[in-house]
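Heads up, the thing below is written out as structure tokens.
The values are calculated or read from the model by the stated rules, or taken from the named source; none is laboratory data. Model, not experiment: these values are computed from the prediction. Here the Cβ is made from the backbone with ideal geometry for all residues, glycine too, and neighbour counts use every protein chain on show. For the accessible areas, the whole protein counts, side chains as well, though only heavy atoms, and no ligand, DNA or RNA atoms are used. Shrake-Rupley method; radii C 1.70, N 1.55, O 1.52, S 1.80 Å.
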Amino acid sequence: MAEGQTAAIEIRGVAKRFGSVVALDDVSFTVQPGELFFLLGPSGCGKSTLLRILAGLERPDSGQIFFDGKDIAGLPPHERGAPMVFQNYALWPHLDIKENVGFGLVERKVPKAEIARRVAEVLRKVEMAGLEDRMPGQLSGGQQQRVVLARALVLNPRIVLLDEPLSNLDAKLRIEMRAEIEALHGNTDITFVYVTHDQAEALSLADRMAVMNRGQISALGVPRELYHRPPNAFCADFLGEANLIPGRVTRVEKDGVEVKTAFGVWCGVSPAGATPAAGSDVHCMVRPEGLQVMPRRQTGFNGFEAEIRSVRMSGSTVTLSLDASGAPVKATILNRSDLDLKAGMIVGWGVAVGNTVVMGKE
């Protein structure tokens, strides 16, 4: 963020309880202007509660929230300039598309000519021009979702809040709508805060993300960094699949960490700002796709032998379940015609030191 620039959203120490259930526990982070920011986590982690607090539909028990440097705690939803896009479309069935999109402007007593101009402009943005006279029941799920987005964008907001907006769409349409949301965001300076439990959605779209667990921020950062260098086991396991190999740190150096494991002494890297101390118990995190068939140990790789328990082909890749000295390990490799792997074979494997992430045990 440039000097003097105010964060689009600043959340300071927000907490929320529902009876004995702690929904949010001292949550703090910022969202920069124009970011496509994701709140990601399993059901019950607090992400939707936090989004509803941002929208003004719930009140926090404590903490502060600022939009563009302004404390919005006392503002009702319609004065926050942050419309919410819900997973259920909530379109008025008796109004046509242009009337649904322009409804918020009518409520704000915007002149009719201005409403018509803004509605036509936003329908072009979401590729719905020419369908303005149709009723919601005449549209597909993807088209209805575009209308919901248009209804939020027509208000010229600085911030848009999205609550699992693609969850009601089939798999193919979700992928298509991801690309459309990305393109739409790229053509505006609007800050999007997007809630989902879908890791693929977040990893493919987010500028940054907060991974939530039990009402707290478990990890915060850009998707690539959180996937390849997760700061903890929860983040590693939630953002895809992870092999967690236990060990103990024997040496810490500037360029890496040495760990004694059941497979021998391994070397790895630690997440930024989370280097474990010598003597501490850790996990070596290895993504299944980081493993390679390696009959002989090579410099720069950690190696081990494992028996293949099962082989499952999925088109361009093959997923293997391995037994490494009694420890289950999963590997995903390219489906090569010259590599004929079968259950029962004992094979040498290797993983690059840079793909071996050493993290503390939780």
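List of remarks:
- The stretch 303-316: number of residues that are touching a residue at least 24 places away in the same chain (Cβ under 8 Å), farther than 11 Å from ALA343 by Cα and open to solvent by 10 Å² or more (accessible area, probe 1.4 Å): 2
- Of all residues in the stretch 16-32, those that are more than 23 Å from TYR194 (Cβ to Cβ) have Cβ atoms under 9 Å from Cβ atoms of residues that are among the hydroxyl-bearing types (Ser, Thr, Tyr) and open to solvent by less than 80 Å² (accessible area, probe 1.4 Å), 6 or more apart or on another chain, in PHE18/THR49.
- Criterion violated by LEU139 - all others in (1) under 18 Å from TRP92 (Cβ atoms); (2) modelled with pLDDT of 85 or more; (3) open to solvent by 40 Å² or more (accessible area, probe 1.4 Å) satisfied: (3)
- Residue within the stretch 81-100 that is buried (at least 17 other Cβ atoms within 10 Å of the Cβ), assigned to a strand (DSSP E or B) and not basic (Lys, Arg) present: yes
- Any strands (runs of 3 or more DSSP E) falling wholly within the stretch 246-362 and containing at least 2 residues that are over 25 Å from PRO231 (Cα atoms) and acidic (Asp, Glu): 301-314
- Total residues in the stretch 262-271 satisfying the condition of being modelled with pLDDT of 95 or more and open to solvent by less than 20 Å² (accessible area, probe 1.4 Å): the figure is 2.
- Of residues in the stretch 56-80 being touching a residue at least 24 places away in the same chain (Cβ under 8 Å) and within 19 Å of PRO33 (Cβ to Cβ), the one surrounded by the fewest Cβ atoms within 10 Å (Cβ to Cβ): GLY69
- Condition met for LEU123 (among the hydrophobic types (A, V, I, L, M, F, W, C), modelled with pLDDT of 90 or more, over 28 Å from the mean Cα position of the chain (by Cα) and surrounded by 15 or more Cβ atoms within 10 Å (Cβ to Cβ)): no
- Screening the stretch 165-224 for residues that are of a type in the set (Lys, Arg) and under 30 Å from LYS16 (Cα atoms) and picking the one that is surrounded by the most Cβ atoms within 10 Å (Cβ to Cβ) gives ARG208.
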